[in-house]
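Reviewing the structure listed below.
The values are calculated or read from the model by the stated rules, or taken from the named source; none is laboratory data. Everything quoted here is computed from the prediction, not taken from an experiment. Backbone-built Cβ (ideal geometry, glycine too); neighbour counts: all protein chains shown.
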Amino acid sequence: MGPTAEEIIRDADLSNKTCLITGANSGIGLELTKCLNANGCKVLMACRNTYEASVVAKNCCEKHENINLYELNLASLASVKKCSEKILQNEKKLDIVILNAATFGLPWTLTEDGLETTFQVNYLAQFFFIITLEKILAPEARVVFTSAESHRNIKWPIETMLSPTLNDISLPEKEYTSIKAYNVSKLCGVLAMHYLGYRWLNSNISVFCAHPGSFIKTRLSRNWWVFETLYTSMIPFAKNAKQGASTIMYCATSPELTGLSTLYFKNCRRSSESVMARDSYLSFKIQDLTRDVIRDKVPGYDYSIVKPDTQGDMEKETMEDTLASNYST
């Protein structure tokens, strides 16, 4: 089933590093937290339930005094903004960011921001989180999205790829299934990787997507007994959480990836994401939607599509014209 995260990081000294992890208090996130902490890394656990996270940290982590807790409710963009403001106030730099939190198997529900919950929790809120923390990313920081092979199951028609709408990514009730919503959110994550790779093109910041493995038994499947039964039945054939964390850990820490970016990994090896997921034009169209939603839902907050200090005065329209030209050819 492959190596564990502990085996991947065994010889690393991370005593001068700081890592932020969403969904750090259980499953794969907890394995990442334990391993990074054991190797000297300062870990920021961004979790909805900070009391639970504090208990887990004390019971599971060797150096729990080197862990900081931050309350983060991804179903609330106001909570994301509040959390990021506290981190900006308290922390000097982020060397590693692992966007790991996810939900799955929910009935159709809306967040307090009026968006479909799986879309917001798995993608939008975490993308907003990293954008708000961009200014304290270390010069050679690594950002890792926990991805999923199921992003390949989304196959939009050409019309949708050219002009996606909010209803294509934040699914309305009549089009909703929990699996489709999850797959769309993971597709958005891979597209976000490509956008951020372009945004940070002239920096040394790296961004990766890492597929941990399929049917790993964690709390992800807890929302519906059907999925819980399925994932339990797959335990003998699937990776455990320790093994599932390995590819994410590899992307976050491996010296082999120094100087590389915008790559998709599974089983600690480079893999090709779906054709749709690596479409540059689509990544910017989804980014347009993302920016519009954030601007609408978070009063007073806006950000440039192109990072000013890395892309000069290039305008969004020029970039999109170039991408559209490349796409049409």
Single match in GLU71, GLU62, GLU85 (criterion: at pLDDT below 90 and of a type in the set (D, E, K, R)): GLU62
Qualifying residue in region 29-36 (condition: crowded, with 18+ Cβ neighbours inside 10 Å, modelled with pLDDT of 95 or more, basic (Lys, Arg) and under 21 Å from TYR250 (Cβ atoms)): no
Which numbered condition ASN202 fails, given (1) modelled with pLDDT of 95 or more; (2) part of a loop (DSSP other than H, G, I, E, B): (1)
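Return yes when GLU116 is modelled with pLDDT of 95 or more, in contact with a strand residue (DSSP E or B) (Cβ under 8 Å, 6 or more places away or on another chain) and over 30 Å from ASN204 (Cα atoms) and no when it is not. Steps first, please.
Working: modelled with pLDDT of 95 or more: yes; in contact with a strand residue (DSSP E or B) (Cβ under 8 Å, 6 or more places away or on another chain): yes; over 30 Å from ASN204 (Cα atoms): yes.
So GLU116 passes the test.
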Residues of region 46-96 classified as small (Gly, Ala, Ser) and assigned to a helix (DSSP H, G or I), total: 6
Single condition LYS93 does not satisfy, out of (1) more than 30 Å from ASN204 (Cβ to Cβ); (2) surrounded by fewer than 21 Cβ atoms within 10 Å (Cβ to Cβ); (3) in contact with a helix residue (DSSP H, G or I) (Cβ under 6 Å, 6 or more places away or on another chain): (1)
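Can you give me the ranges of the helices (runs of 4 or more DSSP H) entirely in region 220-329 with at least 2 residues that are modelled with pLDDT under 65 and over 25 Å from VAL144 (Cβ atoms)? Quick ask: steps written out before the conclusion?
Numbers: elements: 225-233, 241-253, 280-297, 308-311, 316-328.
In region 220-329, the matching helices (runs of 4 or more DSSP H) lie at 225-233, 316-328.
Looking at region 114-178, what helices (runs of 4 or more DSSP H) fall wholly within it and have at least 1 residues that are touching a residue at least 24 places away in the same chain (Cβ under 8 Å) and over 20 Å from SER274 (Cα atoms)?
Those helices (runs of 4 or more DSSP H) span 125-132, 166-169.
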Verdict on LEU20 being buried (at least 24 other Cβ atoms within 10 Å of the Cβ), under 19 Å from the mean Cα position of the chain (by Cα) and part of a helix (DSSP H, G or I): no
